[in-house]
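For reference, the structure I am asking about is given below.
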Amino acid sequence: MAINTTNFETIRKELEKFNATLVAVSKTKPVSDIEALYALGQRDFGENYVQELVEKQPLLPGDIRWHFIGHLQTNKVKYIAPFVYLIHGVDSYKLLREINKQGAKINRVIDVLLQVHIASEETKFGFDAAELEQLCKPEVLSELTHVRIRGMMGMASFTENKEQVIQEFGVVQDLFQQYQNAGLPALEMEIRSMGMSNDYPLALEQGSNMVRIGSLLFGARNYGTTAG
């Protein structure tokens, strides 16, 4: 078994103190690894690639809550719209509109998180504060009849500088609090998805209630592996 059960139990106990959800990042991992973690009680799993998620989903138990945590292209939304539990990385109004469109086609309200750009790296995606302000207007949000914005997601810079990481996570928390009780259409803000294997303790201290952890649970990724 490739699962690190000791890490899994340790992380789960840590998260209980913060009432936080563990999303096990299972990208590139075989179905057997997901089944092993499922047998230990894990139900939330995160995938980065649409094709891989679509291949795995029918092979695994129906009560798994599938999180899409990668950069989602608009032309791929239709493939995961029928079953995805939560889309983490919504980084444009164009993508929101496409998710809404696909949700309307199947009469399903799809839960999403708005990705906030907080990292110093230009490769990271997300809204900045000004873009969020433009998006979070009643006349804009009222069009999203088949999208429910459940919160925000942020990815901090990959750095040894803890103060920088804390400051970046703090930006997400501040923006979350700004919009949490705004009473706007489509906004039902509860989730702060922040923190991965390398920085989740700092994220929890800054208000995260959902962490995305892969390597601590499954070991190093094997990019030659597909579902199965």
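The values are calculated or read from the model by the stated rules, or taken from the named source; none is laboratory data. Since this is a predicted model, take the numbers as computed values, not measurements. Counting neighbours? That spans all protein chains shown, and the Cβs are built from the backbone with ideal geometry, glycine included. Note: accessible area is taken over every heavy atom of the protein model, side chains too, but ligands, DNA and RNA are not part of it. Shrake-Rupley method; radii C 1.70, N 1.55, O 1.52, S 1.80 Å.
Amide H of VAL147 versus every other amide H placed in the peptide plane: which residues, excluding those fewer than 5 positions away on the same chain, fall under 5 Å?
Here the answer is ILE110, since their amide H atoms fall under 5 Å of that of VAL147.
Across 10 Å bins from the origin, how do the percents of Cα pairs in the range 1-43 run, short distances first?
Spelled out per bin, shortest first, that is 27, 56, 17, 0.
If you don't mind, another one. Cβ neighbours within 10 Å, averaged per peptide: list 182-192, 134-144, 44-54 in order, most packed at the top.
Those peptides, ordered most packed to least, come out 44-54, 182-192, 134-144.
Give me the orientation-averaged projected area of the Cα convex hull of the range 56-96, in nm², one decimal.
Computed as one quarter of the Cα hull surface, the answer is 3.0 nm².
Not counting ligands, DNA or RNA, and with a 1.4 Å probe, what is HIS71's accessible surface area in Å² rounded to the nearest 10?
Answer for HIS71: close to 90 Å² accessible.
Okay, moving on. Highest GNM mean-square fluctuation, the chain, Cα pairs closer than 10 Å: which of ALA39, ALA24, ALA119?
ALA39
Which of rounded, prolate or oblate describes the chain when judged by the alpha-carbon gyration tensor and an a/c cut-off of 1.5?
Note, shape of the chain comes out oblate.
What's the FRET efficiency of LYS17 with LYS137 using the Cβ-Cβ distance as r and R₀ = 45 Å, to the nearest 0.05?
0.75
To the nearest 0.05, what FRET efficiency results for ASN198 and ARG108 with a Förster distance of 30 Å applied to their C-beta separation?
Working: r = 35 Å, r/R0 = 1.15.
Computed FRET efficiency for ASN198 and ARG108: 0.30.
If you don't mind, there's one more thing I want to ask. If you plug each phi of the range 40-55 into the Karplus form 6.51 cos²θ - 1.76 cosθ + 1.60 with θ = phi - 60°, what whole-Hz ³J(HN,Hα) values come out, in order, with x for Gly and Pro?
So the Karplus estimates, Gly and Pro as x, are 8, x, 6, 10, 9, 10, x, 10, 9, 10, 4, 4, 5, 5, 5, 6 Hz.
Also, quick follow-up: Under the rule of at least 5 residues apart or a separate chain, name every residue whose amide H is placed under 5 Å from the amide H of ARG65.
Residues meeting the amide H criterion: ASP44, PHE45.
Run through every distinct alpha carbon pair of the range 97-157 and return the Kirkwood hydrodynamic radius in angstroms, one decimal place.
12.6
Let me ask something else. Per q in 0.15, 0.21, 0.23 1/Å, what log10 I(q)/I(0) does a Debye calculation on the alpha-carbon atoms of the range 1-100 return?
Result of the Debye calculation: -0.63, -1.08, -1.21.
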